[in-house]
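Written below as structure tokens is the structure these notes are about.
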Amino acid sequence: MKVTLERKNMEYLLEAKGASGIPVMIDNKGSEIVQGSSPMELILMGVGGCSAIDIISILKKQKQEIDNYKVEVTGDRVEQDGSKPFKAIQVMVSLAGAIDAAKAQRAADLSFQKYCSVSKTFDSVVEITYHVILNGKAIS
């Protein structure tokens, strides 16, 4: 896997591209005019996106009808020798539709405990917790 980043202005704005060629803008959140996501936001997006793809795929294979999918990812950071890495990440998965609660929970468990490469990358250094809400009701 390979990505490229190219500086797009005289400040910090970068255009990143992977194999698809679709650009993702990255910027310094302290810039006067922010034109992209920060690298740390992209990590949280990666966790949310990876788990979303897993969960949706698992539920689709089980013929569950997903009317809506939303995920909120929050990261807690800690000061460490001048940097601020994540110490914990919390994920709130909200599903709506004709979905069996046990299947929704199992799909989330499989994603976070087995399949999501992004979450697994951080397994040994960041505590990642997740909760599932189905049709407005917490199931975990």
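The values are calculated or read from the model by the stated rules, or taken from the named source; none is laboratory data. Remember, predicted model here, so these are calculated numbers, not experimental data. Virtual Cβ from ideal backbone geometry, glycine too; neighbours counted across all protein chains shown. Just the protein is used for accessible areas: all its heavy atoms, side chains included, with ligands, DNA and RNA removed. Shrake-Rupley method; radii C 1.70, N 1.55, O 1.52, S 1.80 Å.
Annotation for the stretch 74-93: no member residue is open to solvent by 40 Å² or more (accessible area, probe 1.4 Å), over 17 Å from GLU41 (Cα atoms) and touching a residue at least 40 places away in the same chain (Cβ under 8 Å). In the stretch 44-63, the residues that are closer than 18 Å to VAL91 by Cα and in a helix (DSSP H, G or I) reach residues that are at pLDDT below 95 and open to solvent by 10 Å² or more (accessible area, probe 1.4 Å) with C-beta atoms within less than 8 angstrom, at least six apart or across chains, in these pairs: VAL47/PHE122. Filtered by the rule that a residue be within 22 Å of SER83 (Cα to Cα), open to solvent by 70 Å² or more (accessible area, probe 1.4 Å) and not in a helix (DSSP H, G or I), the stretch 6-43 gives GLU11, TYR12, LYS29, GLU32, VAL34.
Determine whether the stretch 117-128 contains at least one residue that is among the basic types (Lys, Arg), assigned to a strand (DSSP E or B) and under 21 Å from PRO39 (Cβ atoms). No, there is no match, as no residue in the stretch 117-128 is among the basic types (Lys, Arg), assigned to a strand (DSSP E or B) and under 21 Å from PRO39 (Cβ atoms).
If you go through the stretch 109-124 and pick out every residue that is touching a residue at least 12 places away in the same chain (Cβ under 8 Å) and of a type in the set (Val, Ile, Thr), you end up with 1. Only one of the numbered conditions (1) over 23 Å from VAL132 (Cβ atoms); (2) modelled with pLDDT of 95 or more is not met by GLU32, and that is (2). Report yes if LYS70 is under 21 Å from TYR130 (Cα atoms), open to solvent by 60 Å² or more (accessible area, probe 1.4 Å), touching a Ser or Thr at 6+ places or on another chain (Cβ under 6 Å) and modelled with pLDDT of 95 or more, otherwise no. Considered against the rule, which asks whether it is under 21 Å from TYR130 (Cα atoms), open to solvent by 60 Å² or more (accessible area, probe 1.4 Å), touching a Ser or Thr at 6+ places or on another chain (Cβ under 6 Å) and modelled with pLDDT of 95 or more, LYS70 comes out as yes.
Criterion applied to ALA104, ALA96 was being closer than 15 Å to ILE56 by Cα, open to solvent by less than 70 Å² (accessible area, probe 1.4 Å) and not in a helix (DSSP H, G or I), and the one residue passing it is ALA96.
Considering the stretch 112-136, and only residues there that are of a type in the set (Gly, Ala, Ser) and in contact with a strand residue (DSSP E or B) (Cβ under 8 Å, 6 or more places away or on another chain), the residue that is most open to solvent (accessible area, probe 1.4 Å) turns out to be GLY136. All of SER51, SER111, SER37, SER140 fail the test of being at pLDDT below 95 and either of a type outside the set (Lys, Arg) or within 16 Å of the chain's Cα centre (by Cα) (or both), apart from SER140.
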